[in-house]
Amino acid sequence: MFFSPQDIQAFMKQLQCAKDSFDCLQSACTSIKEKLPPLVLHKDIDFSSSEVDSYSQGLVPRAKASAYVALNTTGDGNCFFRVASILAFGNEDKHEEMHLRIIVELATNSEFYLQDKDNEQRIVAQEKVFIQSSEKKSVEIDRNLLKTEFEIDVLRVNTVSPSTRAADWHLQALGTVLNRLVQSVFPECGGTETREYYMMRFLFRDAVIQRRTM
């Protein structure tokens with residue numbers, strides 16, 4: 001099925017109209033999901049011809065530097081979705097389509113992402129960095145607060161400003177949209193726990209569900 005730029009713009013406009021609440025966005029995404037054709041990845045993408053971001057390449061851990069290359073992208077706040085387009089199609093041109101697909105994935109599967117234990121551990125690791133000088137030794141996840149933060153992040157990136165930077169949730173959803181494992185490569189900085197939960201592979205949704213039932 002042909003998916004034209006005009007289709008993308010129409011769907012994005014539909015999402016922009018659902019800016020009042022997460023429930024409205026979720027309803028709009030459910031409707032769009034039924035009309036979205038499957039994502040067909042470009043075959044045989046040659047990344048060797050892409051421009052390398054030398055600064056970012058210098059942040060790649062030495063043990064990973066020979067296997068991973070930091071590619072240059074347009075720095076307009078849509079970097080994450082432009083990267084997603086490069087991974088799927090070999091260029092940045094379809095970053096709006098990837099933006100749309102990732103928002104639809106998050107909004108229509110919110111419960112799945114809120115139940116992800118790895119995500120909870122990432123949040124705990126980040127919080128421990130902020131409280132490491134205090135006497136508090138443990139961090140507990142407030143489920144209501146987690147749900148609120150999830151909805152705020154999805155709404156913020158989708159409806160408040162199309163060029164607002166993506167959050168952790170979007171990285172999680174990328175694997176499902178691509179139907180591939182996504183390896184996150186984190187610089188050798190920050191706390192050990194933070195690196196542990198960002199220097200990892202993000203499973204796509206079906207793989208995680210299968211793992212949970214084993």
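The values are calculated or read from the model by the stated rules, or taken from the named source; none is laboratory data. Quantities reported herein were computed from a predicted structural model and do not represent experimental measurements. Here the Cβ is made from the backbone with ideal geometry for all residues, glycine too, and neighbour counts use every protein chain on show. Note: areas computed on protein heavy atoms with side chains; ligands, DNA, RNA excluded. Shrake-Rupley method; radii C 1.70, N 1.55, O 1.52, S 1.80 Å.
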Cβ-Cβ under 8 Å, sequence separation 6+ or interchain: first residue in the stretch 62-77 and under 20 Å from HIS99 (Cα atoms) and in contact (Cβ under 8 Å) with a residue 40 or more places away in the chain, partner of a type in the set (S, T, N, Q) and assigned to a loop (DSSP other than H, G, I, E, B). Which pairs? ASP76/SER163; GLY77/SER161; GLY77/SER163; GLY77/THR164
When residues of the stretch 63-81 are limited to those that are surrounded by fewer than 23 Cβ atoms within 10 Å (Cβ to Cβ) and not in a loop (DSSP other than H, G, I, E, B), the one nearest to the chain's Cα centre (by Cα): PHE80
Return the total of residues in the stretch 44-61 being free of Cβ contacts under 8 Å to residues at least 24 places away in the same chain and either in a helix (DSSP H, G or I) or open to solvent by 80 Å² or more (accessible area, probe 1.4 Å) (or both). 8
Please specify each residue of the stretch 32-43 satisfying the condition of being more than 22 Å from THR74 (Cβ to Cβ) and surrounded by 14 or more Cβ atoms within 10 Å (Cβ to Cβ). ILE32, LYS33, LEU36
If you scan the stretch 111-125, which residues turn out to be part of a helix (DSSP H, G or I) and either open to solvent by 20 Å² or more (accessible area, probe 1.4 Å) or modelled with pLDDT under 85 (or both)? GLU111, PHE112, LYS117, ASP118, ASN119, GLU120, GLN121, ARG122, ILE123, VAL124, ALA125
Is it the case that the stretch 9-22 has a residue that's touching a helix residue (DSSP H, G or I) at 6+ places or on another chain (Cβ under 9 Å), in a helix (DSSP H, G or I), modelled with pLDDT of 90 or more and over 21 Å from VAL185 (Cβ atoms)? yes
Going residue by residue through the stretch 11-30, is there one that turns out to be under 21 Å from the mean Cα position of the chain (by Cα), among the β-branched types (Val, Ile, Thr) and open to solvent by less than 20 Å² (accessible area, probe 1.4 Å)? no
Has the stretch 177-184 got any residue that is modelled with pLDDT of 75 or more, of a type in the set (Gly, Ala, Ser) and assigned to a loop (DSSP other than H, G, I, E, B)? yes
Within the stretch 159-169, the count of residues that are part of a helix (DSSP H, G or I) and either touching a Gly at 6+ places or on another chain (Cβ under 6 Å) or modelled with pLDDT of 70 or more (or both) comes to 2
Which residue pairs have Cβ atoms under 6 Å apart, sit 6 or more places apart or on different chains, and have a first residue in the stretch 1-23 that is small (Gly, Ala, Ser) and a second that is at pLDDT 85 or above? ALA18/CYS24; ALA18/LEU25; ALA18/ALA28
Say we look at the stretch 194-211 and pick out the residues that are part of a helix (DSSP H, G or I) and over 12 Å from ASP118 (Cα atoms); which of these is modelled with the highest pLDDT? ARG205
